[in-house]
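Asks: Have a look at this one.
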Amino acid sequence: MGITVNGLDELKKLAGSDLGTSEWIEVTQERIDTFADATGDHQWIHVDPERAKDGPFGAPIAHGYLTLSLFIPLFTELLDVQGVTTKVNYGLNKVRFPSPVKVGSRIRLVGKLSDVEEVPGGVQITVDGAIEIDGGGKPAAVLQSLSRFYA
């Protein structure tokens, strides 16, 4: 587990801190297929391994938004905020997908708590994150995520 803080005052003290790196998780074809079923995005580049072998990446790739959705479980390994009543995903400022995630790849999150600002009843944090691909030259995703924590 990464960093644990108790309450908003401790969270505020982390502004500007590196949060470290999550564990690796594998992106399987089953995970990609489940995401395709949940979203209705069954494009062949994701769900047809035979056809994808002859495609531009030589294998099926994860949906960009699947990669992005994995930010939350990876992030929870980096920072645990206790002593609050509510934790809310508030949105994103920036997202890019520099490199595709091929089926069978492992990914992890590297995060930095770039800002903590007060909002009515709590704080909003800004996390700069990069979802790395094991052995990859470019990250799968770079993003700036906003979350709110209420006392």
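The values are calculated or read from the model by the stated rules, or taken from the named source; none is laboratory data. None of these values were measured; they are calculated from a predicted model. Reconstructed Cβ throughout: ideal geometry from the backbone, glycine too, with neighbour counts over all protein chains shown. Accessible surface is based on the protein model in full, side chains and every heavy atom, while ligands, DNA and RNA are left aside. Shrake-Rupley method; radii C 1.70, N 1.55, O 1.52, S 1.80 Å.
Asks: Determine whether segment 34-51 contains at least one residue that is charged (D, E, K, R) and in contact (Cβ under 8 Å) with a residue 40 or more places away in the chain.
Replies: Looking for residues that are charged (D, E, K, R) and in contact (Cβ under 8 Å) with a residue 40 or more places away in the chain, one finds none in segment 34-51, hence no.
Asks: Oh, and also: Applying the selection to segment 104-151, what residues are under 18 Å from Leu74 (Cα atoms) and of a type in the set (Val, Ile, Thr)?
Replies: Across segment 104-151, the qualifying residues are Ile107, Val110, Ile125, Thr126, Val127, Ile131, Ile133, Val142.
Asks: Taking segment 113-147, which residues are among the acidic types (Asp, Glu), surrounded by fewer than 17 Cβ atoms within 10 Å (Cβ to Cβ) and under 18 Å from the mean Cα position of the chain (by Cα)?
Replies: Passing the criteria: Asp115, Asp134.
Asks: Further question on the same structure: Working only within segment 52-76, note down all residues that are open to solvent by 40 Å² or more (accessible area, probe 1.4 Å) and at negative phi.
Replies: Lys53, Asp54, Pro56, Phe57, Tyr65, Ser69, Ile72, Pro73, Thr76
Asks: If we scan segment 101-108, do we find a residue that is open to solvent by 70 Å² or more (accessible area, probe 1.4 Å), closer than 20 Å to Ala15 by Cβ and out of contact with any Lys or Arg (no Cβ under 6 Å at 6 or more places or on another chain)?
Replies: No - not one qualifying residue is present in segment 101-108.
Asks: Scanning segment 1-18 for residues that are at pLDDT 95 or above and either touching a Pro at 6+ places or on another chain (Cβ under 7 Å) or assigned to a loop (DSSP other than H, G, I, E, B) (or both), which turns out least open to solvent (accessible area, probe 1.4 Å)?
Replies: That would be Gly7.
Asks: Here's another thing I want to ask about it. Filter segment 87-138 for residues that are hydroxyl-bearing (Ser, Thr, Tyr) and assigned to a loop (DSSP other than H, G, I, E, B); which is nearest to Thr21 (Cα to Cα)?
Replies: Ser105
Asks: For segment 25-35, indicate whether the set of residues that are in a strand (DSSP E or B), open to solvent by 60 Å² or more (accessible area, probe 1.4 Å), in contact with a helix residue (DSSP H, G or I) (Cβ under 9 Å, 6 or more places away or on another chain) and closer than 20 Å to Gly135 by Cβ is non-empty.
Replies: Checked against the condition, which is being in a strand (DSSP E or B), open to solvent by 60 Å² or more (accessible area, probe 1.4 Å), in contact with a helix residue (DSSP H, G or I) (Cβ under 9 Å, 6 or more places away or on another chain) and closer than 20 Å to Gly135 by Cβ, segment 25-35 yields no hits at all.
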